Amino acid sequence: RPNVMIKIPGTPQGLPAIEEAIAAGVNINVTLLFSVANYVEVAQRYIRGLERRLEAGQDISQIASVASFFLSRIDTVVDNILESNIRVGRLRGKVLENAEANRQMVGKAAIASAKLAYAYFQEIFGGERFARLREAGARVQRPLWASTSTKNPSFPDTYYVDTLIGPHTVNTLPPKTVEAFRDHGQVAETLTQEIDLAREMMEKLGELGVRMDKVAQQLQGDGVEAFANDYRHLLEAVEGKRQVLLTGVMARQEVALAGFEYEIREVLARFDKSGLIARIWDKDPSVWKQ
C-alpha cells in the first residue's frame, strides 16, 4: 500500500531484507538503530535497492523510507556504565578527576550519535551517487528520531527535541513531550551545530571505557527479542482462538431484527433528538448509566 511502511530491524540479517524490499517497491521503516556505523549501512542498502529498481526500469519516485534511531535508550545504558565507573573509582580510591570526567559525559552519547549520523545523512544523500537517483524522482531516506521522551528527570523535558532539529528529519514524540515543546521548546536548526564537539564526546566515551559498538549490539538484541516475543504472543493468541472455534464451544449465533423494528426506530429517534451521538463524541459522562 502506498501509505504504509513495514518495519525491518537494521540487524545483519535485516540489511539484505531492507535492500530486497526497497528494490521490490515496498516502503520500509528501518528500526532499532543505535549506532552511526549501522545507520550508514542502512542508508547504503536503501540506495542500492533504489539503484536496482531503476536499473530494472521501474519507478522509484513513490518509494518512501525512514531510518529510526532510538535515542534515550542509548543514554540509559551509557549513563549506567558511567555511573558504574564512578562507583568503582570511588571504591578503588581513584582521583576525583576521573569521576568528574564520567559525570560530564552523562546524557551526551545519544545526541552526539544523532548529530554524527545526520552528518553522514547529508554526505550520503547530498553526494554524486544519490544525485542520479534524485533526478529520477527518488526521495531521501529520512532520519527518524525515536525514543525521545526524557527518561532522566534531571534533563529538560524537550532534551531530545530542541537538539535534533534539521531538514528531512522526523521526530516521534509522546503527547506530553509535544505539549512541552509547544509550551517552551526552542526552534532552530540544531542538528548541524557542534559536530566536532560530538566527535570529541564519542572519543571521550571510548577513553572512559564505553564501547559504543557493544552498547548498540546489546540494545539492538534486546529490541529484536522484544519484537519476537510480541509476535510469538500474537501467534499464540490466534492459535488459542482457532482451537476454541474448532471445538465448537463458541456456537454461531443468529439474530433476527424484524420483530423489533418498531422499537429500534423509536430508540434511534430518541438518540437523535437527545444528541446522544454528539455527546459521546464530546466525552459527556452523563450519557452513561450508573
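Do we have Ser149 as among the small types (Gly, Ala, Ser), open to solvent by 20 Å² or more (accessible area, probe 1.4 Å), touching a residue at least 40 places away in the same chain (Cβ under 8 Å) and not in a helix (DSSP H, G or I) here?
yes
Might you let me know whether segment 128-136 holds any residue that is surrounded by fewer than 19 Cβ atoms within 10 Å (Cβ to Cβ), part of a helix (DSSP H, G or I), touching a helix residue (DSSP H, G or I) at 6+ places or on another chain (Cβ under 6 Å) and in contact (Cβ under 8 Å) with a residue 12 or more places away in the chain?
No.
All but one of (1) among the aromatic types (Phe, Trp, Tyr); (2) open to solvent by 100 Å² or more (accessible area, probe 1.4 Å); (3) within 24 Å of the chain's Cα centre (by Cα) hold for Phe227; which doesn't?
Answer for Phe227: the failing condition is (2).
How about segment 2-109: which strands (runs of 3 or more DSSP E) wholly inside it have at least 2 residues that are open to solvent by less than 20 Å² (accessible area, probe 1.4 Å) and on the phi < 0 side of the Ramachandran plot?
Filter on segment 2-109 gives 28-33, 65-70.
Of the residues Gln186, Gln253, Gln218, which is in contact (Cβ under 8 Å) with a residue 40 or more places away in the chain, out of contact with any strand residue (DSSP E or B) (no Cβ under 6 Å at 6 or more places or on another chain), of a type in the set (S, T, N, Q) and open to solvent by 80 Å² or more (accessible area, probe 1.4 Å)?
Gln218 is the lone residue from the list that is in contact (Cβ under 8 Å) with a residue 40 or more places away in the chain, out of contact with any strand residue (DSSP E or B) (no Cβ under 6 Å at 6 or more places or on another chain), of a type in the set (S, T, N, Q) and open to solvent by 80 Å² or more (accessible area, probe 1.4 Å).
Residues in segment 152-165 that are open to solvent by less than 50 Å² (accessible area, probe 1.4 Å), of a type in the set (Asp, Glu) and assigned to a loop (DSSP other than H, G, I, E, B): how many?
Residues meeting the conditions: 0.
The values are calculated or read from the model by the stated rules, or taken from the named source; none is laboratory data. Since the structure is predicted, the reported quantities are computational estimates derived from the model, not experimental observations. Note that we place each Cβ from the backbone using ideal geometry, even for glycine, and neighbour counts take in every protein chain shown. Protein only, heavy atoms only, side chains kept; ligands, DNA and RNA dropped before computing areas. Shrake-Rupley method; radii C 1.70, N 1.55, O 1.52, S 1.80 Å.
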